[in-house]
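One structure is given below, encoded as structure tokens.
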Ligand code: SAM
Ligand code: SF4
């Protein structure tokens, strides 16, 4: 075991977002242009062997939880095999997915060692889903959610981004649906990470507004002991069920951030909004030892900024969009 990954502000890093691909089979309008993006060429992507080796280095430095993401991680070939190799590293593995194809894969992923899934869904209305994602796959997502629950990938969480004039009228409907289905719903504030640069702080549906709307029909009591979790959780109507709000923009949680990211092409990012990355792929392919990779990682973490800086006059959106960083 190596020394833990501590940055200049004393934050210890134990959580890794691991992007498995930058490709996607949906085109959520706030995430990707209709024509898609310039996908990474295959030789630039980390292979399964490279991923397992690098995650082993992260684990040797105290990383305990790994969330597989993308792009759409279910598009990665041989995903159950990769999960089973990663789970041998004694990590809690979870997955963030758009749910398309999850119905077919949920049981195999669970059997391979996956613990939990977050499924992104921004509307309960098929025609609105189509307008939002440019793909007619609403039913697939609902089937994927049901399959995840049946496979025991619980608690099944649902991630929703509310956008003004698009789906912000569905907040309460989504909550009541999630409560009825037994899914844990979390609203995520939209962040300036879209390649189209269409984000606007002025029209963003923020945490205060979401809580105010939900509070009109439901009693929300804050759950104590949030820890380093990004979501503020609330018990709904006195029951055990909860709803979460991730106020990344209006209620930043940078001070307790314990998270790192590794892109599908092997770049470490110490923050979603970092302006620079640290390359682990080149040294890995040039024959670096694990100790040398660990030292690079240590330096990458040491340079983490205090906060994401959205709202600062000098804020500049990262060059890579969310789908290429790993959301
Ligand atoms: N394709 C998978 C999915 O949609 O769940 C995983 C990757 S996706 C980038 C991860 C999450 O990021 C999704 O819940 C998506 O809604 C969210 N997301 C994408 N762009 C965002 C943005 N600009 N602001 C906030 N969340 C965003
Ligand atoms: Fe794909 Fe996820 Fe981005 Fe939607 S949010 S386009 S599903 S990567």
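What angle do you read, to the nearest 10 degrees and between 0 and 90, between the alpha-carbon axis of helix 138-151 and the longest principal axis of the chain?
Result, in degrees: 70.
Please figure out what share of the DSSP beta bridges in the range 174-250 is antiparallel and state it in percent, rounded to the nearest 5.
Working: 7 of 11 bridges.
Taking every DSSP beta bridge within the range 174-250, about 65 percent pair in antiparallel fashion.
Would you mind pulling out the separation of the Cα centroids of the range 51-93 and the range 1-35, in Å?
12
Using only the alpha-carbon atoms, how far is helix 48-60 inclined from the longest principal axis of the chain? Give it as 0 to 90 degrees, nearest 10.
Once rounded, the angle reads 90 degrees.
Treating the angle as unsigned and between 0 and 90°, give the value, to the nearest 10°, between the Cα long axis of helix 102-112 and the longest Cα principal axis of the chain.
50
For the residue pair residue 2 and residue 285, what label-to-label distance in nm results when each label sits 7 Å from Cα along the Cα-to-beta-carbon direction?
Output for this residue pair reads 2.1 nm.
So, in nm, how far is label residue 47 from label residue 254 when the simple model puts each one 7 Å beyond its Cα toward the Cβ?
Result for the modelled spin labels: 3.9 nm.
Counting just the Cα atoms, what span does the range 49-179 cover along each of its three principal axes? Round to the nearest Å and put the largest first.
Extents along the principal axes: 46, 27, 27 Å.
Could you state, as a whole-number percent, how many of the C-alpha pairs of the chain are farther apart than 24 Å?
Value for the chain: 54 percent of Cα pairs lie more than 24 Å apart.
So what is the calculated 222 nm ellipticity per residue for the chain, using -39500 (n - 2.57) for each DSSP H run with n of 4 or more, over all residues, to the nearest 500 deg cm²/dmol?
Working: 10 runs with 97 residues, N = 327.
Estimated from H runs of four or more residues: -8500 deg cm²/dmol.
If you average the C-alpha positions of the range 102-122 and of the range 182-227 separately, how far apart do those two centres end up, in angstrom?
24
Is the range 212-258 rounded, prolate or oblate when judged by the Cα gyration tensor, a ≥ b ≥ c being the square roots of its eigenvalues, rounded requiring a/c under 1.5 and prolate requiring a/b larger than b/c? All intermediate terms of the calculation are to be shown ahead of the outcome.
Numbers: a/c = 3.56, a/b = 1.69, b/c = 2.10.
Since a/c reaches 1.5 but b/c is at least a/b, the shape of the range 212-258 is classed as oblate.
Quick one: order 1, 61 by neighbouring beta-carbon count within 10 Å, fewest to most.
Ranking 1, 61 by Cβ neighbours within 10 Å, fewest first, gives 1, 61.
What number, in nm² with one decimal, is the all-direction average of the projected area of the convex hull of the alpha-carbon atoms of the range 202-288?
Over every viewing direction, the Cα hull of the range 202-288 projects on average to 8.5 nm².
Only bridges with both residues in the chain count here: give the DSSP antiparallel percent, nearest 5.
On the way: 13 of 41 bridges.
Close to 30 percent.
Can you give the % of DSSP beta bridges in the range 1-160 that are antiparallel, to the nearest 5?
Percentage antiparallel, nearest 5: 10.
Could you grab the relative contact order for the range 15-325? Cα pairs under 8 Å, six or more apart, rounded to a whole percent.
In percent, rounded to a whole number, it is 19.
Could you work out how much longer the chain between residue 25 and residue 276 gets when fully extended? Use 0.36 nm per residue separation minus the Cα distance between them, nm to one decimal.
Stretched out fully, the residue 25 to residue 276 stretch lengthens by 87.6 nm.
Relative contact order for the range 19-72 using alpha-carbon pairs under 8 Å, separation at least 6, rounded to a whole percent? Don't jump to the answer; show the numbers that get you there.
Working: 30 pairs, mean separation 40.9, N = 54.
For the range 19-72, the relative contact order is 76 percent.
Coordinate-derived values only; no laboratory data. Here the structure is a predicted model, which means the values were calculated and not measured. Cβ sites come from the backbone with ideal geometry, for glycine too, and all protein chains shown count toward neighbours.
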